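Note sheet for the following structure.
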Amino acid sequence: MTIETILSICLGIGLAASVGFRVFLPLFALSLAAHFNVWELNESWSWIGGTTAVITFGIATLVEILAYYIPVVDNVLDAIAIPLATIAGTAVMVSTVADLSPIITWALAIIAGGGTAAAIKSSAGATRLGSTVSTAGIGNPVVSTVETGTSIVMSIVSIFLPVLAIILVMFIFYIVFKLYKKLKSKQSKSS
């Protein structure tokens, strides 16, 4: 396995984690990176760097970010975003992985890319639901801002420092695990 392959896997996992916070933002970042030759994609996915894709992903990103600030719409988006995040996480992973056989690439994309995106999106959705219940939705814009900011940071780090992105993904999963344990213990005490 070459350094390029390892970096491409780190990039894919980092972007998949970012997809868990905002579906289109990492796709837009990847599209820009490919468009400006910062990152080379697999041949069959080179269309992501085209002008049409950059514009389309840019508009979709803007609409998605703004929609998360609309009460009720934010929770509806979370409900439909889990399968979308899984697909997008798989797509960013498969489009970035270099020098592996197609079966390994797709298995890695589905498990690491789609799985990472789905796990983070599920946790983010639970956080928003908790915010909706505990603050009557007043805290949701703060949650949206944190998610968008995290997606931006993860996308940038993934593209320019892919190895650091893997460390951040592990840190995010650690935080999610700690929050899950904390919520579980609160549920146990209230039962």
Those residues of the stretch 5-28 whose amide nitrogen sits under 18 Å from the label point placed on GLU43, 7 Å along Cα→Cβ: 5
Total charge dipole magnitude, the chain, about the Cα centre, Cβ charges on Lys, Arg, Asp, Glu only, Debye to nearest 20: 1020
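So what is the orientation-averaged projected area of the stretch 1-90, using the convex hull of its C-alpha atoms, in nm²?
Details: hull surface 24.1 nm².
Taking a quarter of the hull surface, the average projection is 6.0 nm².
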Karplus 3J(HN,Hα) series, Hz, for the stretch 68-81 with 6.51 cos²θ - 1.76 cosθ + 1.60 (x for Gly, Pro): 6, 9, 9, x, 6, 4, 4, 6, 5, 4, 4, 5, 8, 6
Debye log10 I(q)/I(0) at q = 0.14, 0.27, 0.28 Å⁻¹ for the stretch 85-156, Cα point scatterers: -0.53, -1.11, -1.14
For peptides 64-71, 16-23, 110-117, sequence by mean Cβ density within 10 Å, most packed first: 16-23, 110-117, 64-71
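Provide the per residue accessible area, probe 1.4 Å, for the stretch 1-86, rounded to a whole number of square angstrom.
Values: 4250 Å² over 86 residues.
Spelled out: the 1.4 Å probe surface of the stretch 1-86, per residue, equals 49 Å².
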Modelled FRET efficiency - R0 35 Å, SER185 with ALA136, Cβ distances, 0.05 increments: 0.90
Degrees between helix 24-35 axis and first principal axis of the chain (Cα, 0 to 90, nearest 10): 20
Residue-wise HN-Hα coupling along the stretch 142-154, computed from phi with Karplus coefficients 6.51, -1.76, 1.60 (Hz; x: Gly, Pro): 5, 4, 4, 5, 5, 4, 5, x, 5, 5, 5, 4, 4
Packing rank of 142-148, 152-158, 49-55, where each peptide gets the mean count of other beta carbons within 10 Å, highest leading: 152-158, 142-148, 49-55
Value of [θ]222 nm, deg cm²/dmol, for the chain, DSSP H segments ≥ 4, -39500 (n - 2.57) each, nearest 500: -26500 deg cm²/dmol
Rounded to whole Hz, the Karplus (6.51, -1.76, 1.60) HN-Hα couplings of the stretch 93-108, x for glycine and proline: 5, 5, 6, 9, 5, 10, 6, 10, 5, x, 5, 5, 4, 5, 4, 5
Portion, in percent, of the accessible area of the stretch 57-152 that falls on carbon or sulfur, probe 1.4 Å: 85
Calculated volume of the Cα convex hull per residue in Å³ (choose from (i) 111; (ii) 164; (iii) 133), label: (i)
Options VAL176, THR135, ALA119, ranked by Cα towards positive dipole end of the chain, top entry (Cβ charges): THR135
Top positive-direction residue, dipole computed over the stretch 2-106 with Cβ charges, set THR96, ILE6, LEU32: LEU32
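The values are calculated or read from the model by the stated rules, or taken from the named source; none is laboratory data. What you see is a predicted model, and the numbers here were worked out from it, not measured in a lab. Because the Cβ atoms are built from the backbone with ideal geometry, glycine has one as well, and the counts that use them run over all protein chains shown. Just so you know, the surface numbers come from the protein's heavy atoms only, side chains and all, with ligands and any DNA or RNA stripped out. Shrake-Rupley method; radii C 1.70, N 1.55, O 1.52, S 1.80 Å.
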